[in-house]
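A.B. asks: Attaching a single structure in structure tokens format; questions to follow.
The values are calculated or read from the model by the stated rules, or taken from the named source; none is laboratory data. Remember, it's a predicted structure, so these values are computed and weren't measured experimentally. Cβ placement follows ideal geometry from the backbone for every residue including glycine, while neighbour counts extend to all protein chains displayed. SASA here: full protein model, heavy atoms, side chains in, ligands and nucleic acids out. Shrake-Rupley method; radii C 1.70, N 1.55, O 1.52, S 1.80 Å.
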Amino acid sequence: MPDGSWHFSQLPAAEAALVSLDADNGAIQALVGGFNYHQSKFNRVTQATRQPGSNFKPFIYTAALANGFTAASIINDAPIVFEDAELESTWRPTNDSGKFYGPTRLRHALFKSRNLVSIRLLRSLGIPKAIKYVERFGFDPTQLPRDLSLALGSHSLTPLQIASGYSVLANGGYSVSPYLTQRIEDVDGDILFDATPATVCRDCEQVGDSAEMPVEEMATLEDILQQTEPEPTLPDAKRVIEPRVAYIIDTMLRDVVQKGTGRRARSIGRNDLAGKTGTTNGPTDAWFSGYGGGIATTAWLGFDRNAVLGNREFGGTAALPIWIDYMQVALKGRPETNRKQPDGLVTIKIDPTTGLLAKPGQSNAIFEIFREELAPKQEAVLESIGGDTSQIKEVMQEDIF
């Protein structure tokens, strides 16, 4: 246009949805169910069930961390084949790049979104155990597939369900339920309804540990007359993830933004952002879910008829820009969230190839966080340093299942 503005020459065929929650109590901050309400009244946030793809991986990784795995656990990124009489054809899952990278640390596998590592991780963890654990994020276990495709988000969920799950990751491990209406008043200003959502109270656990409370002095008549009715207290949100596990998975999801598939989010200029991309086969669905500043947000893009978006459309290219545009505004004026490290965690220098203790003076050693009882005790052998993975050697031929 002459004034430099842009106008649509046609209505977009693709749809998108975004939902954002206050991670501490589930209050819906924003909800956009599609491109235009008058064009389509279908609310894709609450009604559209779509495959989340890799957007679901953080829940599987959290379950693994809670069951004895560490961010430095080594899983082989190698070809895998599934043969099942109930399947129409043999399933050969691959990484988006089509390449395989061999033994890989879990932290690296998550921020690089390695599919084969996620499948093998779920196999080692056990499908029943994983399904039982991810119920803590609000997912209905009866609706989840009882096969290894669960690791790649093969089941369909709404964006609101995904955002609710990410709110647990965002608030440090507490279960909250999304809600839309805060208060209803009549024409006279009388309150007909006032929401009392379960709310995260991080100090409550410490208060509950107090052994002895001070004895109050007897109130005087003047004190009694001046007393006002106390404010109703909100119920405390239930902790569903152990604090140390919640802290470690948060550091791993921050690496997705700093080093991995969510790097574009660094343009917001904050250090507390964390999240995960998601792309389904085709690709037909593009996702980004993440959080920062106490807000958890999910963005989705795709066609209602499940058409292919395009060969080069991924969660990090199609959905993440939507998430960034929203979060840049939503986070204005909100301080960065700096989590306090829980007791019982240790930071240790490890060998990046094996995940074992680094040798003294090892030049390529990196720091990793462990639960105290799961910290490595064995030192990496000299031959493994610098890329020789004989210490964790695994057959690189195709596994058949």
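A.B. asks: Work out how much length E83 to Y101 would gain on full extension: take 0.36 nm times their residue separation and subtract the Cα-Cα distance, in nm to one decimal. Don't skip to the end; give the middle numbers.
C.D. replies: Working: separation 18, 0.36 × 18 = 6.48 nm, distance 2.31 nm.
Gain in length upon complete extension: 4.2 nm.
A.B. asks: Moving on to the next point. Treating the beta-carbon of each Lys and Arg as +1 and of each Asp and Glu as -1, no other charges, what is the dipole magnitude of the chain about its Cα centre, to the nearest 20 debye?
C.D. replies: Values: 39 positive and 49 negative charges, 434 e Å.
Charge dipole of the chain: 2080 debye, to the nearest 20.
A.B. asks: May I ask which of K57/K112; K57/K276; K112/K132 have a Cα-Cα span longer than 18 Å here? Please list the in-between numbers first.
C.D. replies: Details: K57/K112 12 Å; K57/K276 8 Å; K112/K132 26 Å.
As for pairs spanning more than 18 Å Cα to Cα, those are K112/K132.
A.B. asks: Assign unit charges at the C-beta atoms only (+1 for Lys and Arg, -1 for Asp and Glu), then state the dipole size of segment 1-128 relative to its Cα centre in Debye, rounded to the nearest 20.
C.D. replies: Numbers: 12 positive and 10 negative charges, 83 e Å.
That gives a dipole near 400 debye.
A.B. asks: Can you sort S267, S154 by solvent-accessible area, 1.4 Å probe, largest first?
C.D. replies: Numbers: S267 75, S154 40 Å².
From most exposed to least exposed: S267, S154.
A.B. asks: Okay, next question. Considering the options T94, A237, F35, tell which one lies farthest towards the positive end of the dipole of the chain, charges being +1 on Lys and Arg and -1 on Asp and Glu at the Cβ, about the Cα centre.
C.D. replies: Of the options given, the answer is T94.
A.B. asks: Take the alpha carbon atoms of segment 30-53, find their center, do the same for segment 244-317, and report the distance between the two centers in whole angstrom.
C.D. replies: A separation of 18 Å, based on Cα centres.
A.B. asks: Evaluate the relative contact order of segment 1-117 (contact order divided by residue number), counting alpha-carbon pairs under 8 angstrom at least 6 apart; express in whole percent. Let's see the in-between values first.
C.D. replies: Details: 120 pairs, mean separation 20.7, N = 117.
Reported relative contact order: 18 percent.
A.B. asks: OK, next. Using a 1.4 Å probe on the protein chains only, how many percent of the accessible area of the chain belongs to carbon and sulfur?
C.D. replies: Working: 10740 of 21180 Å².
The C+S portion of the solvent-accessible surface of the chain is 51 percent.
A.B. asks: Could I ask something else about it? Report, by chain and number, residues whose modeled amide H sits under 5 Å from the one on F303, excluding near sequence neighbours (fewer than 5 apart, same chain).
C.D. replies: E15
A.B. asks: How would segment 52-139 be classified by its alpha-carbon gyration tensor: rounded, prolate or oblate, with rounded meaning a/c under 1.5 and the a/b versus b/c comparison settling the rest? If you can, show how the numbers build up before the last one.
C.D. replies: Details: a/c = 1.74, a/b = 1.16, b/c = 1.51.
Note, shape of segment 52-139 comes out oblate.
A.B. asks: Over the chain, what is the relative contact order in whole percent, taking alpha-carbon pairs under 8 Å and six or more residues apart? Kindly include the intermediate steps, with their values, before the conclusion.
C.D. replies: Working: 758 pairs, mean separation 82.7, N = 401.
For the chain, the relative contact order is 21 percent.
A.B. asks: Let me ask another. What are the trypsin sites (Lys or Arg not before Pro) within segment 87-184 that DSSP puts in a loop, where the Cβ has at most 15 other Cβ atoms within 10 Å? Display every interim value, and only then the final one.
C.D. replies: Values: sites: K99, R105, R107, K112, R114, R120, R123, K129, K132, R136, R146, R183; in loops: K99, K112, R114, R146.
Within segment 87-184, the qualifying trypsin sites (Lys or Arg not before Pro) (loop, at most 15 other Cβ atoms within 10 Å) are K99, R146.
A.B. asks: Checking the a/c ratio against 1.5 first, then a/b against b/c, what shape does the Cα gyration tensor give for segment 1-42?
C.D. replies: Values: a/c = 3.99, a/b = 1.94, b/c = 2.06.
Verdict is oblate for segment 1-42.
A.B. asks: While we're on this one: Indicate the gyration tensor shape class of the chain (rounded, prolate or oblate), computed on the Cα atoms with a ≥ b ≥ c the square roots of the eigenvalues: a/c under 1.5 is rounded; otherwise a/b larger than b/c is prolate and the rest oblate. Provide the component values of the computation, followed by the final result.
C.D. replies: On the way: a/c = 1.93, a/b = 1.21, b/c = 1.60.
It comes out oblate by the Cα gyration axes.
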